[in-house]
Amino acid sequence: MTAGPLAGLTVVDVATLFAGPLAATQLGDFGADVIKVEHPRRPDGARGHGPSKDGVGLWYATIGRNKESITLDLSAPAGAEVLRRLIADADVLVENFRPGTLERWGLAPEDLLALNPGLVVARVTAFGQTGPYAPRPGFGSLAEAMSGFAAVTGEEGGPPTLPPFGLADGIASLATAFAVLAALRERDRTGHGQVVDLAILEPILSMLGGQLTIYDQLGLVQERHGNRSVNNAPRNCYRTADDNWVAVSTSSQSIAERVLRLVGHPEHIDEPWFGTGAGRAAHADELDAAVGSWIAARSTEEVLTAFTEAQAAVAPIYDVRGIVADPQVQARGTVLTVPDPVLGPVQMQNVLFRLSETPGSVRWTARPHGADTDAVLARHGYGPDEVAALREQGVL
């Protein structure tokens, strides 16, 4: 286990739930020292999100990994002063309060930057710091709705579909981590920190392909087509003879030709429309019939083996049981087992990518609420009597 490429950076995470805290998690995975700040009487709601075991939130075991946990009431003047002490020698602050909240507590970004000119303040909200929607509360589901994601997701003729997990929050967390690193790179050149204004709506919108430009130039609005693509075919999910599902994609011409030869319908390849993805998409019914009937007559193992030998693109559709058992996942350590003081060995996703010289690592799972308050404050000059007094006041 190496120190990681972000070793030496200190991140103060005062955000709640998902997008902001996940960004801090990703920075911590690559070596940053992350101090997670939670209200003393109202822990981060992510701790209670989803199933728990022995009082430990199982998703939060991942979200809170590689972070020290302290409690602090930022709305109290004494609590705001403690945060200023933490910020004085920190590199990054991640927050997701409604615009104006930090300012109301006397913690406006311009004041924090006056205290620490090299600080990067990452502000993560549903709609950003500006515009008529800025004051509104919001979650990732609203971004999934407003970005156009839900409108194009679902079966043709069916309702729009939201994802059953925090997709917009996850994408926003990656964008936030990237933005923080970009701002830190600029600080390396100039010595100056800055404010990152990230609206959860915008990163997921940027992932939705060319819809905006297509609408602008051609007036076309993408509709729902289930698992099909408007850009190529065959592309769908197909049921096997042993009642499993596989996904087939033919984004390139050569792969499309291999698939049709494999399933015994090379005659389609000679059709004029077969030469482009759009042409194939217009004939998705007949291509799906050819591929689907071939797959339906064979077991999952037979399908996967034949596609692999033909160098055609296929993948089994897994639930979590298939993920943890897959040999590729196991070979790369994509799922990691980490010791937890309450849960024992616990499996979770590994870090996002591999670095050859300074890889990231999961050093520990989420710490109990406020477990590191005394140790963190001691590092910042607070003696035991001061900590006890703050705790007596309800600030900690």
Quiz item: Tell me, what is a quarter of the convex hull surface for the C-alpha atoms of the range 24-130, in nm² with one decimal?
Solution: 7.5
Quiz item: Stretch Arg298-Asp319 to full length: gain in nm at 0.36 nm per residue minus the Cα-Cα span?
Solution: 5.5 nm
Exercise. State, as an integer percentage, the relative contact order of the chain based on alpha-carbon contacts under 8 Å between residues 6 or more apart.
Key: 20
Quiz item: Could you give the semi-axes, largest first, of the ellipsoid that matches the range 315-363, computed as the square roots of 5 times the alpha carbon gyration tensor eigenvalues and rounded to whole Å?
Solution: 20, 18, 7
Quiz prompt | Extension gain, Glu271 back to Ala371 (0.36 nm per residue minus Cα-Cα distance, nm) | solution = 29.3 nm
Exercise. Return the distance in nm (one decimal) between the two label points of a simple spin-label model at Gln129 and Glu392, each offset 7 Å from Cα along Cα→Cβ.
Key: 3.9
Quiz prompt | For Cα extents along the principal axes in Å, calculated from these coordinates, the label among (i) 54, 46, 45; (ii) 75, 72, 45; (iii) 82, 50, 40 | solution = (iii)
Practice problem: Give me the compactness ratio for the range 214-334, meaning the Cα radius of gyration over 2.2 N^0.38 Å. | Solution: 1.16
Quiz item: Between Rg and the Kirkwood Rh of the range 223-266, both from Cα atoms, what is the Rg to Rh ratio?
Solution: 1.00
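With every protein chain kept in place and ligands, DNA and RNA left out, what is the accessible area per residue of the range 174-229? Probe 1.4 Å, answer in Å².
Each residue of the range 174-229 exposes 64 Å² on average to a 1.4 Å probe.
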Exercise. Report ³J(HN,Hα) in whole Hz for each residue of the range 107-115, in order, from the Karplus equation J = 6.51 cos²θ - 1.76 cosθ + 1.60 where θ = phi - 60°; Gly and Pro get x.
Key: 10, 4, x, 5, 6, 5, 5, 5, 6
Quiz item: Hey, any idea what % of the range 1-146's accessible area is carbon plus sulfur with a 1.4 Å probe?
Solution: 56
Quiz prompt | Calculated FRET efficiency for the pair Ala282/Val195, C-beta based, R₀ 56 Å, to 0.05 | solution = 0.70
Quiz prompt | Pairwise FRET efficiency - Gln217 versus Gln311, Cβ, R0 = 45 Å, nearest 0.05 | solution = 0.80
Exercise. Please give the net charge around Pro164, taking every other residue with its beta carbon less than 15 angstrom from that of Pro164, where Lys and Arg add +1 and Asp and Glu add -1.
Key: -3
Quiz item: Out of the DSSP beta bridges found with both residues in the chain, what percent are antiparallel (nearest 5)?
Solution: 40
Practice problem: For Leu93, enumerate residues with amide H under 5 Å from its amide H, sequence gap 5+ or separate chain, H modeled in the peptide plane. | Solution: Val12, Val120, Val121, Ala122
Practice problem: May I ask for the net charge around Pro384, where only other residues with Cβ less than 11 Å from the Cβ of Pro384 are counted and Lys, Arg are +1 while Asp, Glu are -1? | Solution: -2
Practice problem: Starting from the amide H of Glu38, placed 1.01 Å from N in the peptide plane, find each other amide H under 5 Å away whose residue is 5 or more places distant or on another chain. | Solution: Ile70, Thr71, Leu72
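The values are calculated or read from the model by the stated rules, or taken from the named source; none is laboratory data. Worth saying up front: this structure is predicted, and the values here are computed from it rather than measured. Every residue, glycine among them, receives a Cβ derived from its backbone with ideal geometry; neighbour counts consider all protein chains shown. What goes into the accessible areas is simple: the full protein's heavy atoms, side chains included, and nothing from ligands, DNA or RNA. Shrake-Rupley method; radii C 1.70, N 1.55, O 1.52, S 1.80 Å.
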